[in-house]
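K.L.:
This structure is in structure tokens; I'll ask about it shortly.
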Amino acid sequence: MKTIILFKRLTICAFLLYYLSPVNAQQTPDKVVSSFGDALSSWCSTNEIVYREKIDELCSGARKCRVEDKIHAEYQKGRGLTNYETFVLDSYMNMFQSLIPQSLNYKMSNIKVVGTDEMPEGTLAFITADINVSGAINKRVTDLFLVRNDKITGIYSHSSNLGF
């Protein structure tokens, strides 16, 4: 009898933990960007793959996450690898992965929602964040993150003319 009561209590506790957990709640777009910054910062400082997987999870939408920021574009141009400035998330992450062994620090601050736009696929939020990368490369930039359905779908320089 005591076993059945204990089992019922454990089942109720598990149910409450699962359904009331903040992990299951939808995040606000600025929190999604903040989580991206935290994961990228942790990945750069530890080189633990779990953080890159978290970044991929935050950016995997129905479309490929496009990246067009000064950090990546200037790094690629400096190495003579490309003559264009738009990449996908994989190439952006590969840049960081190649620089992590040379000591790289990533810090994001001043995260703000600067606008939204209603689209057929859902609300698109525009989030700005100040980024400081130091170590193997040194850049201070303001990037614009596009967030839809709790996923980052694009990362651009704040000065990009996206028409929002």
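The values are calculated or read from the model by the stated rules, or taken from the named source; none is laboratory data. This structure is a prediction, so every number in the text was calculated from the model and none was measured. FYI the Cβ positions are ideal-geometry reconstructions off the backbone, even for glycines, and counts take in every protein chain you see. Protein only, heavy atoms only, side chains kept; ligands, DNA and RNA dropped before computing areas. Shrake-Rupley method; radii C 1.70, N 1.55, O 1.52, S 1.80 Å.
K.L.:
Any chance you could count how many residues in segment 77-108 are under 17 Å from VAL141 (Cβ atoms) and at pLDDT below 85?
P.N.:
So the count comes out to 5.
K.L.:
Looking only at segment 21-28, decide whether some residue is modelled with pLDDT of 90 or more and surrounded by fewer than 18 Cβ atoms within 10 Å (Cβ to Cβ).
P.N.:
yes
K.L.:
Criterion first (at pLDDT below 90, surrounded by 12 or more Cβ atoms within 10 Å (Cβ to Cβ) and in a helix (DSSP H, G or I)) does ALA73 satisfy it?
P.N.:
yes
K.L.:
Cβ-Cβ below 6 Å, separation at least six or inter-chain, first residue in segment 29-56 and small (Gly, Ala, Ser), second open to solvent by 60 Å² or more (accessible area, probe 1.4 Å) and assigned to a helix (DSSP H, G or I): which pairs?
P.N.:
Partner pairs satisfying both residue conditions: ALA39/TYR51; ALA39/LYS54; SER42/TYR51.
K.L.:
Could you name every one of the strands (runs of 3 or more DSSP E) located completely within segment 87-149 that has at least 1 residues being within 21 Å of SER35 (Cβ to Cβ) and of a type in the set (Gly, Ala, Ser)?
P.N.:
Once the strands (runs of 3 or more DSSP E) in segment 87-149 are filtered for at least 1 residues that are within 21 Å of SER35 (Cβ to Cβ) and of a type in the set (Gly, Ala, Ser), what remains is 104-119, 122-135.
K.L.:
Please pick out the residue among ARG140, ARG52, ARG66, ARG79 that is touching a helix residue (DSSP H, G or I) at 6+ places or on another chain (Cβ under 6 Å), basic (Lys, Arg) and either open to solvent by 20 Å² or more (accessible area, probe 1.4 Å) or over 24 Å from LYS31 (Cα atoms) (or both).
P.N.:
None of the others qualify; the one that does is ARG52.
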